[in-house]
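Some notes on the structure that comes next.
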Amino acid sequence: MLRLTCPTGVALIALLRYVDDYLLMTTDLREAQRFVELMHSDFGHTHGLSINATKTVTSFPIEINGATVRNSCDTERFPWCGLLIDQKTLDVMSNFTVYSGVGMLSRNHAVHLAYNSSVVFC
């Protein structure tokens, strides 16, 4: 099991990219908000990024250009690239509902990062 620790007051930040999908995990809500705003600004277009606002999902409420971004505040699991990430335990499991239209299978992958209730996703 991987445990992430840092000095008090220092945010943990991890940015993952899989093909054209990004996942930012951080313990700093302001950094997550800044990242979403930056990706949807001219910065993204200037650097060759095409961000689809209708596909953006966060684990916190936020508006971009007056439009509310879809969020997973009311769910326990955050969807990303066919996976579901438990927002409390950070357990990762397959999300077969996007492919088969049936209820989620509950078989977990053997991936456990750490417990951190203050991690936000976007």
- Look at region 52-88 and say how many of its residues are farther than 24 Å from residue 19 by Cβ and of a type in the set (Lys, Arg). 1
- Item | Contacts under 6 angstrom Cβ, first residue in region 26-54 being surrounded by 13 or more Cβ atoms within 10 Å (Cβ to Cβ), partner in a helix (DSSP H, G or I), 6 or more apart | 26/32; 51/39; 51/44
- Message: If I filter region 105-114 for residues that are in a loop (DSSP other than H, G, I, E, B), basic (Lys, Arg) and at pLDDT below 85, do I get at least one hit?
- Response: yes
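The values are calculated or read from the model by the stated rules, or taken from the named source; none is laboratory data. Since the model is a prediction, treat every value here as computed from it, not as a measurement. Note that each Cβ is placed from the backbone with ideal geometry, even for glycine, and that neighbours are counted across all protein chains shown.
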